[in-house]
Amino acid sequence: MIHRNILDNGILLLVVENPAADIIAARIFIRAGSRWEAREQAGLSHLLSAVITKGTEQLSSIEIAERVESVGASLSADAASDYFQLSLKTVSGDFVDILHLAGQLLLQPTFPETEVELERRLTLQDIRSQQEQPSTVAFEQLRQAMYGQHPYALSILGTEASVSSLGRADLQRYHQTYFRPDNIVISIAGRVTAAEALALVEKVFGDWQPPASPLPVLQLPPLTSQAGTNVTALPTQQSMVMLGYLASAVQSPDYAALKLLNTYLGNGLSSRLFVELREKRGLAYEVSAFYPTRLDASQFVVYMGTAPENTAQAYAGLHTEVERLCTTKLTADELQASKNKLLGQYALGKQTNSQLAQVFGWYETIGLGIEFDTQFQEKVTAVTPETAHEVACRYFIQRPYVSLVGPEAAVTPFPF
């Protein structure tokens, strides 16, 4: 059973009582992330996640690390496209102390100048390193072509230009704007009762009051880009071929069917792409598909790493397999196998207290509610071959966005 409470200051608290192991895990979600960044400040939430654990008004970064490590706990921060989070896990006897520490990090970060500068330099190194990886270059190129001026167009790391301009004052403004109790979900799972968790969260966060000003209204640009081919020539040992299709956000009725189609096409060694293009035709070093869950329009992507001389065949093979979803219905057996795989993996993703805290907190943060756990499984089960075919035709009949990276002779010129 999942217990749900809203504190007087607006914090939404979820508690999953799971006494099987002497462990408590928590996730503190903030409705922030790269979706809320101005384009010229791309990478701001990632930089904040790197430095929020490096100092409070009472503790230095070393003291924070010592408090966590001395009891064998874990405490970290992460930023994603649609949320920001603090993650913690401890044995139950240390949970009170570590939650108090997380409260200090959340309410009183100091963002020391030296730490900001260090993490900014490390982020720039990561960005430059990724520019040497064909798969990352291909995906970055595809994402920018598909999303244009929308925040989803850019990596969570940001760009060299945007990160180079970020400073401590930017982090403070972002923190003051979005880190407020009426913008937070706390999700706890483990050996703790709902009453105990509520009392503890009230003690740590109950005095935190939201500011009088409302949260800023997020105004995102419309997606106006046109599908086409984007090519980057790099002296690599392989070509990376990606095809992307704009797909639905998580709230769409098509979401479950698209998740099943993604599972059928690109999930694992038994997937259609792996069997047909790697096992039977020997085209792929790697081949797969992904369809990330997003608050705004998502992307359905198929990709392959292949020998440069096979670049044209790789493109044709990927395009044919996606197009086939519109021309040929999945059989009942194919669809059932995909359902079994998807729902089995979904169940395995809720085994630990950390996973439980993550899943349910995430659902609340992106507006789906804890009911989505059951609803998603029911919607997947209800998909028929006819429904899957209709959804495939709705999204895959359009011309794909294409991203090619590889040796110049293999990717330019490229006939379509």
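Worth a mention:
- Qualifying residue in segment 194-215 (condition: touching an Asp or Glu at 6+ places or on another chain (Cβ under 7 Å) and in the same structural domain as Gln133 (by TED's automatic domain parsing)): yes
- Selection status of Phe376, surrounded by 14 or more Cβ atoms within 10 Å (Cβ to Cβ), without any contact (Cβ under 8 Å) to a residue 12 or more places away in the chain and under 22 Å from the mean Cα position of the chain (by Cα): no
- Within segment 28-41, residues that are assigned by TED's automatic domain parsing to the domain that holds Ala189 reach partners that are outside any strand (DSSP E or B) and of a type in the set (D, E, K, R) with beta carbons closer than 7 Å, at six or more positions or on different chains, in the pairs Gly33/Asp82; Arg35/Asp82; Gln41/Asp170.
- Taking segment 248-279 as the range and being within 17 Å of Ser298 (Cβ to Cβ) and outside any helix (DSSP H, G or I) as the test, the residues that pass are Ser248, Ala249, Val250, Gln251, Ser252, Pro253, Asp254, Asn267.
- Residue match in segment 94-108 (condition: part of a strand (DSSP E or B) and either surrounded by fewer than 22 Cβ atoms within 10 Å (Cβ to Cβ) or assigned by TED's automatic domain parsing to the domain that holds Ala194 (or both)): no
- Any hit, segment 159-166, residues being at pLDDT 95 or above, among the small types (Gly, Ala, Ser) and in a loop (DSSP other than H, G, I, E, B): yes
For every residue, the table says whether it meets (1) in contact with a Phe, Trp or Tyr (Cβ under 8 Å, 6 or more places away or on another chain); (2) part of a loop (DSSP other than H, G, I, E, B); (3) surrounded by 21 or more Cβ atoms within 10 Å (Cβ to Cβ).
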site	(1), (2), (3)
Glu334	yes, no, no
Ser338	yes, no, yes
Leu368	no, yes, no
Ala392	no, no, yes
Arg399	no, yes, no
Val405	no, no, yes
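- The residues of segment 49-64 that are part of a loop (DSSP other than H, G, I, E, B), surrounded by 20 or more Cβ atoms within 10 Å (Cβ to Cβ) and of a type in the set (A, V, I, L, M) amount to a single one, Ile52.
The values are calculated or read from the model by the stated rules, or taken from the named source; none is laboratory data. All of these numbers come straight from a predicted model, not from anything done at the bench. Note that we place each Cβ from the backbone using ideal geometry, even for glycine, and neighbour counts take in every protein chain shown.
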